[in-house]
Each structure stands twice: as C-alpha cells, then as structure tokens.
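Please read the structure below before turning to the comments.
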Amino acid sequence: MKYLCDSCSRLVDVSEYTLRSGGLVLICPVCKMESSAGPPAPRRNAPVIELARPKPPPEGPFCPKCGAPHPAEQPSCAKCGLTFALFNPEHLALPAPLEETWTALVAAWSDAARHEAFLEECHQAGVLIEAARRYRVRSEQDPGDSAAALYRDEAGRRLMALTTLPHEEEPDLTWVKVVMAGVVVVACLALVGVIFYKLTHPV
C-alpha cells in the first residue's frame, strides 16, 4: 500500500508507522517526516472569533518545492529536505498545455469546474503528483484557502486510487504447457522408434 507524503509529496510505501491517541501516524521512508492517517476531523462551523480573525499565513521565504516557510539563511528546507542551491524549477514543470491550464486556473481560483478539469487532465497525463504538490504549496502559504486544501486532498485520493486498482489476472496457461510437453514427448518417442527401426532393418 502506498500513500502521498504530506512533507515531500512523494508517493511512498507504508513501511514505518506508529499509533497515537489521534490515530495512525505514517513515517515517510524517504524524508522521515510524519503524516497523519487518522479519520478526518468532523466538519464544524467556524466560531465568529475565527471568522473575524482568520489564521494569518506563515511568513516567508517559502520552499519552492513544498511551500513551507524557512529562515532566509537556511541552506535547505527543514520539512522536505530540498537544498535550495541545487533546485531546478524545470524539475517541477508541467507539460506546456497544463502549465497554461494552471495559469488560467490561478486567475479563476474560485471556479470549481476549472479545478476538476485540471485534475482530470493531470490524471490523464500522469502528473497528479505535481498537481497535488502545487495545491499543497498553496495551502501551506495560505491556510485559509479552502479550495487549495480541498483539491490537495482530492489529488491525494486520486493518487491512492491509482495504486490500489486491481491488477488484471494473467490467463492460466497450465493446460497449454501440458499439451506442448505431450507433443514433445510423442515426437521424441517417434524419433527413437525411427532410429531403432533403421538399426534393426539395415538396407
């Protein structure tokens, strides 16, 4: 079984985990950061004080890979481990048509249909991991962005579905092997019979 690491955005195997009061906590075998696998918290209406004083976004600069804030003098990200001096933006680029779709989506961020279309295109192109990373970065930089959190989770669910699809069973070829073995045996016996006949009936 695989899951999408909240920290490094990699699709990794479930190899290390621990149990806590809040549920199951998965430990990424690559970056060693923890991801919660407990049941989702029940939805609740935000108190008036939360609406009046929304949680402020974290202060930058931000990691270009995972979106976590970090001190300006820090050479690498404490969350995903990226070394900033070695970062190449091209490694996180989408195919050109999808980059255009993403740019248009950012300009119309509240349009749910555009989000769904973008995820479907990423699914078809096999780049859902990058789509999930981009939504995660936006949710890191703006904790109040409900769309970023919603479609980050949706991309993660689609990735999980890809890794749990049943594999098509291979056809049982046992009977074919038995028939072929029988043909080989009969051919060998016929050849032995011909050789024996030649030896016992010289011309």
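The values are calculated or read from the model by the stated rules, or taken from the named source; none is laboratory data. Predicted, not measured: the structure shown is a model, and the values here were computed from it. Positions of Cβ are backbone-derived with ideal geometry, glycine not excepted, and every protein chain shown enters the neighbour counts.
Are any of the residues in segment 80-93 within 21 Å of the chain's Cα centre (by Cα) and at pLDDT 90 or above?
no
So, in segment 110-154, exactly how many residues are touching a His at 6+ places or on another chain (Cβ under 9 Å) and among the hydrophobic types (A, V, I, L, M, F, W, C)?
Result for segment 110-154: 3.
Which condition number does Gly23 fail, the rest of (1) within 22 Å of Gly144 (Cα to Cα); (2) touching a Pro at 6+ places or on another chain (Cβ under 7 Å); (3) modelled with pLDDT under 75 being met?
The number of the failed condition is (1).
Filter segment 1-35 down to the residues that are assigned to a loop (DSSP other than H, G, I, E, B), closer than 27 Å to Val127 by Cβ and not hydroxyl-bearing (Ser, Thr, Tyr) and list them by number.
Correct list: Met1, Cys5, Asp6, Cys8, Arg10, Val14, Cys28, Pro29, Val30, Cys31, Lys32, Met33.
Please state which one of Glu121, Glu140, Glu99, Glu130 is among the acidic types (Asp, Glu) and either surrounded by fewer than 17 Cβ atoms within 10 Å (Cβ to Cβ) or assigned to a loop (DSSP other than H, G, I, E, B) (or both).
Details: Glu121 fails: either surrounded by fewer than 17 Cβ atoms within 10 Å (Cβ to Cβ) or assigned to a loop (DSSP other than H, G, I, E, B) (or both); Glu140 fails: either surrounded by fewer than 17 Cβ atoms within 10 Å (Cβ to Cβ) or assigned to a loop (DSSP other than H, G, I, E, B) (or both); Glu130 fails: either surrounded by fewer than 17 Cβ atoms within 10 Å (Cβ to Cβ) or assigned to a loop (DSSP other than H, G, I, E, B) (or both).
On inspection, the qualifying residue turns out to be Glu99.
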